[in-house]
1. I want the local charge near residue 21. Using Cβ-Cβ distances under 12 Å, sum +1 for each Lys or Arg and -1 for each Asp or Glu among the other residues.
2. Using r as the Cβ-Cβ distance of residue 26 and residue 65, and R0 as 25 Å, what FRET efficiency do you calculate, to the nearest 0.05?
3. May I ask you to rank 26, 14 by accessible area, largest first, using a 1.4 Å probe over the protein chains only?
4. Determine the per residue accessible area of the chain with all protein chains present and a 1.4 angstrom probe, expressed in square angstrom.
5. Carbon and sulfur atoms: what percent of the 1.4 Å accessible area of the chain do they account for?
6. With all protein chains present, calculate the accessible area of residue 34 using a 1.4 Å probe and round the result to the nearest 10 Å².
7. Give the label of the value calculated from the structure for Rg/Rh (Cα atoms, Kirkwood Rh), choosing from (1) 0.99; (2) 1.14; (3) 1.10.
8. Just give me a number: lysine pairs in the chain, eight or more positions apart or cross-chain, with C-alpha atoms less than 17 Å apart.
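The values are calculated or read from the model by the stated rules, or taken from the named source; none is laboratory data. Quick caveat: nothing in here was measured; it's all calculated off a predicted structure. A quick note on method: Cβ atoms are made from the backbone with ideal geometry, for glycine too, and the neighbour counts reach across all protein chains shown. Calculation scope for accessible area: heavy atoms of the full protein, side chains included, ligands and nucleic acids excluded. Shrake-Rupley method; radii C 1.70, N 1.55, O 1.52, S 1.80 Å.
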Amino acid sequence: LELTQIFGGTKLLVPPQWRIQADDLVSIFGGLDDKRPINPTGTFDPNKVLVLKGTCIFGGIDIKSY
């Protein structure tokens, strides 16, 4: 998923078993906050990976699950 944030924000709904990979996400005065509850089993499904790429300037990305 490629994101470009400038003075704004995004909320993503992601299942708790998915792993988030944000190595290619550049944040300048912004950030990524994973607010999902801790997975009770402590393991992630190896087939489910969400790769985040892009730029976040003066904005934020919140990751939640329901």
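1. Spelling it out: positives minus negatives among the neighbours equals 0.
2. 0.50
3. Largest accessible area first, the list is 26, 14.
4. Result: 69 Å² per residue.
5. Carbon-and-sulfur percentage of accessible area, whole number: 56.
6. Counting only protein heavy atoms, residue 34 exposes about 80 Å² to solvent.
7. The listed entry that was calculated here is (1).
8. Count of close lysine pairs: 5.
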